Amino acid sequence: MHANKQDRRDVDEALALYVHWPFCLSRCPYCDFNAHVRETIDQTRWRDALLKELSYWAGETPNRTLTSIFFGGGTPSLMDPATTGAVIENAAKHWAFDDDIEITLEANPTSVEAAKFVDLRATGVNRVSIGVQTLDNDALAFLGREHTHEQALNTIKLAEKTFPRYSFDLIYARPGHTVDGWASELRGALALVGDHLSLYQLMIEKGTPFFADERSGVFDLPDEDSAAALFDITQDICDQQGIPAYEISNHARPNSECRHNITYWEGGDYIGVGPGAHGRVTLDDTVYATEQIPGPVNWLDAVETSGHATRQRSPVDAETRVEELFMMGLRLTKGITRKVFWERTGMELEDALEPRRLRPLLAANYLVLDNQGLRTTVEGRLKLNAILAALLT
Ligand SMILES: C[S@@+](CC[C@H](N)C(=O)[O-])C[C@H]1O[C@@H](n2cnc3c(N)ncnc32)[C@H](O)[C@@H]1O
Ligand code: SF4
């Protein structure tokens, strides 16, 4: 049975907040995030600007309840903890906080950043997501990381002592990665894991140094079959260890999923503050896609002169909204549930799916549609892009 109109309104009131910190100590050769290296950063100027833009978005979204805050980057562990604290404190003045609010900060595992953990915890951060990437020193050097195996271990141990929850990221399917090599690396890392783990296959992004290196044959990535075998062994090992995938690249112990990212994957409302931050927010029954100016200098100028640096705020039409819900929701192991789909659209899943497109995907055992909703099978999960193309275009 479905929730009524009043329940849909309650769901609309939940809001997540993303805050982007666009600076890093150095640029990793695989990364295409909005990240910049600067000799010095005027922390006070940046703090004031973030608070200004926060206040602008708060004015647009009154009477909402914040369910999560996520400081992402770049490297937000390079923020002055006083800046993190000021953002959280101001957010609490602007909106109600859900009792279980999740406040995550992405941290790189250098000793400088770990030294801030106690101060960050005192600001209200209750979860850290650490960019370990690998525990192998040679692989860390290949990935151009600033930290060593030992620093990663120390940072994880300190996170465990300091925060109620922590997660870390690993990158696999690196050049020359064998199933046996990755399996033993993953088993070693699982001994350190808390309630959550993100496992990404190395992606070669256009415009990065790795893009040029791969093209000119400096290294070769595992081929499609090897990448699939690496993905399969990852699922097997994590399932055995009680930390199954709840999303293509994200694993959690029961009830320990990242609440903030679930908001994205389930098509919930979030606002984005800081350079290049994106948002999806329902205002007067219309969902808007928002984006802030990406360049740090231009963002700062715009916020200082206009109070915010919004470069896009456009209504999302009904067809695009449905497509987005499938694109994001099918990343989740549980898929897109009937309940969530109805809450977002007021429609049954069948109303939005074309039988002639759906039927072959169900028959091929790539998708399942049942009382719970629509989801991929294990076979379908690795073919998600092709499935979405077949389902939606
Ligand atoms: C916002 S990024 C970086 C956060 C933090 N600055 C760091 O480097 O640890 C979040 C995660 O995306 C993953 N990532 C970034 N670029 C990637 C790529 N090209 N391929 C696979 N994973 C990537 C990394 O695991 C990284 O920790
Ligand atoms: S991977 Fe992290 S530390 Fe490296 S450039 Fe990207 S955001 Fe910065």
Matching residues, region 170-200, being within 16 Å of ligand 2 (Cβ to nearest atom) and of a type in the set (Phe, Trp, Tyr): Tyr172, Tyr200
Those residues of region 226-249 which are under 17 Å from Ser184 (Cα atoms) and charged (D, E, K, R), in sequence order: Asp232, Asp236, Asp239
Sole residue being under 26 Å from the mean Cα position of the chain (by Cα) and either among the basic types (Lys, Arg) or farther than 22 Å from Pro244 by Cα (or both), chosen from Glu323, Glu379: Glu323
Check on Thr67, over 16 Å from the mean Cα position of the chain (by Cα), of a type in the set (S, T, N, Q) and more than 16 Å from ligand 2 (Cβ to nearest atom): no
Selection within region 29-70 - at pLDDT 95 or above and of a type in the set (Ser, Thr, Tyr): Tyr30, Thr44, Ser55, Tyr56, Thr61, Thr65, Thr67, Ser68
Meets criteria (surrounded by fewer than 21 Cβ atoms within 10 Å (Cβ to Cβ) and under 28 Å from Pro254 (Cβ atoms)) for Ser184: yes
Selection from region 53-100 of residues that are within 16 Å of ligand 1 (Cβ to nearest atom) and in a helix (DSSP H, G or I): Pro76, Ser77, Leu78, Thr84
Residue list for region 28-52, filter: among the aliphatic types (A, V, I, L, M), part of a loop (DSSP other than H, G, I, E, B) and more than 9 Å from ligand 2 (Cβ to nearest atom): Ile41
Subset of region 127-172 (residues that are touching a strand residue (DSSP E or B) at 6+ places or on another chain (Cβ under 9 Å) and on the phi > 0 side of the Ramachandran plot): Gln133
Entirely in region 115-234, the helices (runs of 4 or more DSSP H) that have 1 or more residues that are farther than 22 Å from Val37 by Cβ, touching a Pro at 6+ places or on another chain (Cβ under 9 Å) and not small (Gly, Ala, Ser): 117-123, 149-162, 209-215
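The values are calculated or read from the model by the stated rules, or taken from the named source; none is laboratory data. If you're wondering where the values come from, they're calculated on a predicted model, not measured in any experiment. Cβ: placed from backbone, ideal geometry, glycine included. Neighbour counts: every protein chain shown.
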